[in-house]
Amino acid sequence: GGVNMPAHVSSVAETDYATTLTREGQSIRTVEHLLSALHACGVGNLLVKVHGEIPVLDGSALSFLDKIQEIGIVEQDVPVKELVIDRRYEVGDGDKSLVLEPADVFSVSYQLRYPPPVGDQFYDFVYEDCEAYREQIAPARTFGFMRDLKMINELGLGTGGRLDNFILVGEDNVINTDLRFPDEFVRHKILDIIGDLYLLGYPVRGKVTANLTGHRDNIEVQRQILAIHG
């Protein structure tokens, strides 16, 4: 048996540290990294068999991308639909904001601000193709802070879990790994947005400008879009 669960914003249950889909009492956690790779490659028709959680792997989208490219993508006799953003959408309050507005190409810019050692980081990603995504965004990993013990327990570290599938940030340095980019943190936020936005069901054409936002805001802006477009 099992439950068929659409990767759609209507299935989203919670967004605390990862995006979780729920249907008929079943949940799938951490869908955003796989969806990010699928969005970047334009894969629109795929059945994913999974129990409870999409594997975190190394905390980035790179392994998913490798697997998609290894298997190959089949063109189907159906035109690829895009979700073309035709008006401005905005969520957030105070310093926190996420804007989605019309544009000829898909782009995501993100402003991040955390205490040192992360600090202020900005990145502007313009989507040209899957390769641009592979080079600039896909390798960027999830991160968590030593001081945020709740998140560390969520990631399973309290139980002697693995330390190699995310970036662990201490008081004044990264504890467990070498960064893949000096601004790996902000690039991962863009990876998450690209993944979460794919819950609309189609590749997006529009410009995303985000400041200090997270999964909840990514989902909220989609609910606004669906309220208008259905």
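The values are calculated or read from the model by the stated rules, or taken from the named source; none is laboratory data. Model, not experiment: these values are computed from the prediction. Virtual Cβ from ideal backbone geometry, glycine too; neighbours counted across all protein chains shown.
Which condition breaks for V91 when tested against (1) modelled with pLDDT of 95 or more; (2) surrounded by fewer than 18 Cβ atoms within 10 Å (Cβ to Cβ)?
(2)
With respect to I219, determine if the residue is farther than 22 Å from D129 by Cβ, surrounded by fewer than 23 Cβ atoms within 10 Å (Cβ to Cβ) and touching a Ser or Thr at 6+ places or on another chain (Cβ under 7 Å).
So I219 fits the description; yes.
Cβ-Cβ under 6 Å, sequence separation 6+ or interchain: first residue in region 57-77 and under 21 Å from N165 (Cβ atoms), partner basic (K, R) and not in a loop (DSSP other than H, G, I, E, B). Which pairs?
L65/R134
Would you say R29 is among the charged types (D, E, K, R), farther than 15 Å from G195 by Cα and either at pLDDT 85 or above or within 18 Å of the chain's Cα centre (by Cα) (or both)?
Here the answer is no, as R29 does not meet what is asked.
Only one of these is assigned to a strand (DSSP E or B), out of contact with any helix residue (DSSP H, G or I) (no Cβ under 6 Å at 6 or more places or on another chain) and over 30 Å from R113 (Cβ atoms): I28, I73. Name it.
Just one listed residue meets the conditions, I28.
Looking only at region 115-124, count how many residues are touching a strand residue (DSSP E or B) at 6+ places or on another chain (Cβ under 8 Å) and surrounded by fewer than 18 Cβ atoms within 10 Å (Cβ to Cβ).
Number satisfying all stated conditions: 5.
Any residue in region 15-35 that's without any contact (Cβ under 8 Å) to a residue 60 or more places away in the chain: show its pairings with residues that are surrounded by fewer than 20 Cβ atoms within 10 Å (Cβ to Cβ) and among the basic types (K, R) at Cβ separation under 6 Å, as long as the two are six or more apart or on different chains.
Once the first residue is without any contact (Cβ under 8 Å) to a residue 60 or more places away in the chain and sits in region 15-35, its partners that are surrounded by fewer than 20 Cβ atoms within 10 Å (Cβ to Cβ) and among the basic types (K, R) give T20/R29.
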